[in-house]
Each structure stands twice: as structure tokens, then as C-alpha cells.
Amino acid sequence: MPAIAEIRSTALPHSVPRGSDLPTCPVCADSMIAAEASAYLPDNVIGHLWSCDTCGYGFVTKHVVQRIACN
Ligand SMILES: [Zn+2]
């Protein structure tokens, strides 16, 4: 009797939006929790300003946004 229950493990933590997008500090390797500031840059790029709580090091990451044409 084929009674196959398809159980998918979807035990993803709710507090992590995109998995491993959060950077770590290049100086002390502490993990960043939230960007201090964000700015839209040309060419669909978003820049995030990060500031390390542990050592005070600040750096910027840039992400290219896949823009969906809506107009
Ligand atoms: Zn640091």
C-alpha cells in the first residue's frame, strides 16, 4: 500500500530573511546584524553602510537589485 507522505522540512528560521546575506566584519569577524544606513545608487545598486559594534570598523556593501519592470 503506497502511503507516501511527502514531508518537506521547512524549518527555516524566521529571523533570517535571505540566508547568509549578512556580512561579517573584515577586521574582527564579528557578524553584522543590521545595516546602519542604506542608499540607492545608480544602475539598480543598493549600498549598505555597516558599522561594527565590536571594533567600530565601517564598510559598505553593494547589492544589485533585479528590477522588475512595472511601468
Ligand atoms: Zn569588527
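For the stretch 36-71, the set of residues classified as touching a His at 6+ places or on another chain (Cβ under 8 Å), among the β-branched types (Val, Ile, Thr) and open to solvent by less than 70 Å² (accessible area, probe 1.4 Å) consists of 45, 46, 61, listed by residue number. Hey, can you tell me all the residues within the stretch 22-35 that are surrounded by 10 or more Cβ atoms within 10 Å (Cβ to Cβ) and away from the ligand (no atom under 13 Å from the Cβ)? Answer for the stretch 22-35, where residues must be surrounded by 10 or more Cβ atoms within 10 Å (Cβ to Cβ) and away from the ligand (no atom under 13 Å from the Cβ): 22, 35. Six or more apart or on different chains, Cβ under 8 Å: which pairs go from a residue in the stretch 43-69 that's more than 16 Å from the ligand (Cβ to nearest atom) to one that's among the basic types (Lys, Arg)? Could you list them? Close Cβ pairs satisfying both conditions: 44/67; 45/62; 46/62; 47/62.
The values are calculated or read from the model by the stated rules, or taken from the named source; none is laboratory data. All values derive from a computational prediction rather than experimental measurement. All Cβ positions, even for glycine, are placed from backbone atoms using ideal geometry, and neighbour counts span all protein chains on display. Just so you know, the surface numbers come from the protein's heavy atoms only, side chains and all, with ligands and any DNA or RNA stripped out. Shrake-Rupley method; radii C 1.70, N 1.55, O 1.52, S 1.80 Å.
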